[in-house]
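Okay, structure first, notes after.
The values are calculated or read from the model by the stated rules, or taken from the named source; none is laboratory data. Source: prediction; values computed, not measured. Here the Cβ is made from the backbone with ideal geometry for all residues, glycine too, and neighbour counts use every protein chain on show.
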(Lines give C-alpha, C1' and ligand atoms only; values in the text may rest on other atoms or scores of the structure.)
Protein backbone atom coordinates (compact mmCIF):
# COMPACT_ATOMS: atom_id res chain seq x y z
CA UNK A 1 0.00 0.00 0.00
CA UNK A 2 2.81 2.34 0.73
CA UNK A 3 4.11 1.85 -2.75
CA UNK A 4 0.72 2.68 -4.26
CA UNK A 5 0.47 5.84 -2.16
CA UNK A 6 3.97 6.86 -3.22
CA UNK A 7 3.11 6.23 -6.86
CA UNK A 8 -0.11 8.24 -6.52
CA UNK A 9 1.75 11.02 -4.74
CA UNK A 10 4.44 11.01 -7.44
CA UNK A 11 1.75 11.17 -10.14
CA UNK A 12 0.06 14.03 -8.31
CA UNK A 13 3.36 15.91 -8.00
CA UNK A 14 4.15 15.20 -11.65
CA UNK A 15 0.73 16.55 -12.62
CA UNK A 16 1.34 19.68 -10.51
CA UNK A 17 4.75 20.13 -12.16
CA UNK A 18 3.20 19.75 -15.62
CA UNK A 19 0.45 22.26 -14.75
CA UNK A 20 3.02 24.69 -13.37
CA UNK A 21 5.14 24.29 -16.51
CA UNK A 22 2.05 24.96 -18.66
CA UNK A 23 1.26 28.11 -16.67
CA UNK A 24 4.85 29.29 -16.95
CA UNK A 25 4.90 28.55 -20.67
CA UNK A 26 1.64 30.48 -21.12
CA UNK A 27 3.07 33.41 -19.15
CA UNK A 28 6.25 33.36 -21.21
CA UNK A 29 4.15 33.28 -24.39
CA UNK A 30 2.02 36.21 -23.21
CA UNK A 31 5.15 38.16 -22.28
CA UNK A 32 6.61 37.46 -25.70
CA UNK A 33 3.40 38.69 -27.37
CA UNK A 34 3.38 41.84 -25.24
CA UNK A 35 7.07 42.44 -25.94
CA UNK A 36 6.44 41.97 -29.66
CA UNK A 37 3.53 44.41 -29.62
CA UNK A 38 5.60 46.93 -27.69
CA UNK A 39 8.47 46.55 -30.16
CA UNK A 40 6.06 47.12 -33.05
CA UNK A 41 4.62 50.21 -31.35
CA UNK A 42 8.13 51.52 -30.68
CA UNK A 43 9.09 50.92 -34.31
CA UNK A 44 5.98 52.76 -35.53
CA UNK A 45 6.74 55.65 -33.20
CA UNK A 46 10.36 55.83 -34.43
CA UNK A 47 9.16 55.65 -38.02
CA UNK A 48 6.63 58.44 -37.48
CA UNK A 49 9.23 60.63 -35.79
CA UNK A 50 11.70 60.03 -38.62
CA UNK A 51 9.06 60.91 -41.19
CA UNK A 52 8.12 64.07 -39.28
CA UNK A 53 11.78 65.01 -39.04
CA UNK A 54 12.32 64.39 -42.75
CA UNK A 55 9.24 66.45 -43.62
CA UNK A 56 10.40 69.30 -41.39
CA UNK A 57 13.86 69.19 -42.97
CA UNK A 58 12.33 69.14 -46.46
CA UNK A 59 10.16 72.14 -45.60
CA UNK A 60 13.18 74.01 -44.29
CA UNK A 61 15.19 73.15 -47.41
CA UNK A 62 12.29 74.15 -49.65
CA UNK A 63 11.90 77.45 -47.81
CA UNK A 64 15.60 78.17 -48.36
CA UNK A 65 15.27 77.35 -52.04
CA UNK A 66 12.18 79.56 -52.30
CA UNK A 67 14.08 82.46 -50.77
CA UNK A 68 16.98 81.91 -53.17
CA UNK A 69 14.62 81.78 -56.15
CA UNK A 70 12.83 84.92 -55.00
CA UNK A 71 16.12 86.77 -54.65
CA UNK A 72 17.25 85.56 -58.08
CA UNK A 73 13.92 86.54 -59.67
CA UNK A 74 14.06 89.97 -58.04
CA UNK A 75 17.62 90.51 -59.28
CA UNK A 76 16.66 89.44 -62.81
CA UNK A 77 13.60 91.70 -62.69
CA UNK A 78 15.75 94.63 -61.63
CA UNK A 79 18.22 93.91 -64.44
CA UNK A 80 15.43 93.76 -67.03
CA UNK A 81 13.93 96.95 -65.64
CA UNK A 82 17.32 98.70 -65.76
CA UNK A 83 17.83 97.62 -69.40
CA UNK A 84 14.33 98.79 -70.26
CA UNK A 85 15.00 102.16 -68.65
CA UNK A 86 18.23 102.49 -70.63
CA UNK A 87 16.51 101.61 -73.89
CA UNK A 88 13.31 103.59 -73.26
CA UNK A 89 14.55 107.04 -74.46
CA UNK A 90 15.84 105.63 -77.74
CA UNK A 91 12.65 103.62 -78.26
CA UNK A 92 10.50 106.65 -77.49
CA UNK A 93 12.53 108.76 -79.92
CA UNK A 94 12.19 106.12 -82.61
CA UNK A 95 8.40 105.91 -82.13
CA UNK A 96 8.18 109.69 -82.11
CA UNK A 97 10.18 109.94 -85.33
CA UNK A 98 7.97 107.29 -86.92
CA UNK A 99 4.83 109.19 -85.95
CA UNK A 100 6.26 112.52 -87.17
CA UNK A 101 7.32 110.96 -90.47
CA UNK A 102 4.01 109.22 -90.97
CA UNK A 103 2.13 112.51 -90.43
CA UNK A 104 4.35 114.93 -92.36
CA UNK A 105 6.11 112.68 -94.83
CA UNK A 106 9.46 110.90 -94.87
CA UNK A 107 11.61 113.89 -95.82
CA UNK A 108 10.79 116.05 -92.86
CA UNK A 109 12.45 115.40 -89.48
CA UNK A 110 11.81 116.85 -86.10
CA UNK A 111 12.92 120.45 -85.79
CA UNK A 112 12.66 121.22 -89.55
CA UNK A 113 9.05 122.38 -89.48
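When the stretch 100-112 is limited to residues that are in a helix (DSSP H, G or I) and surrounded by 10 or more Cβ atoms within 10 Å (Cβ to Cβ), the one that is modelled with the lowest pLDDT turns out to be 104.
Exactly one residue among 10, 21, 35, 54 is under 25 Å from the mean Cα position of the chain (by Cα) and surrounded by 10 or more Cβ atoms within 10 Å (Cβ to Cβ), and that residue is 54.
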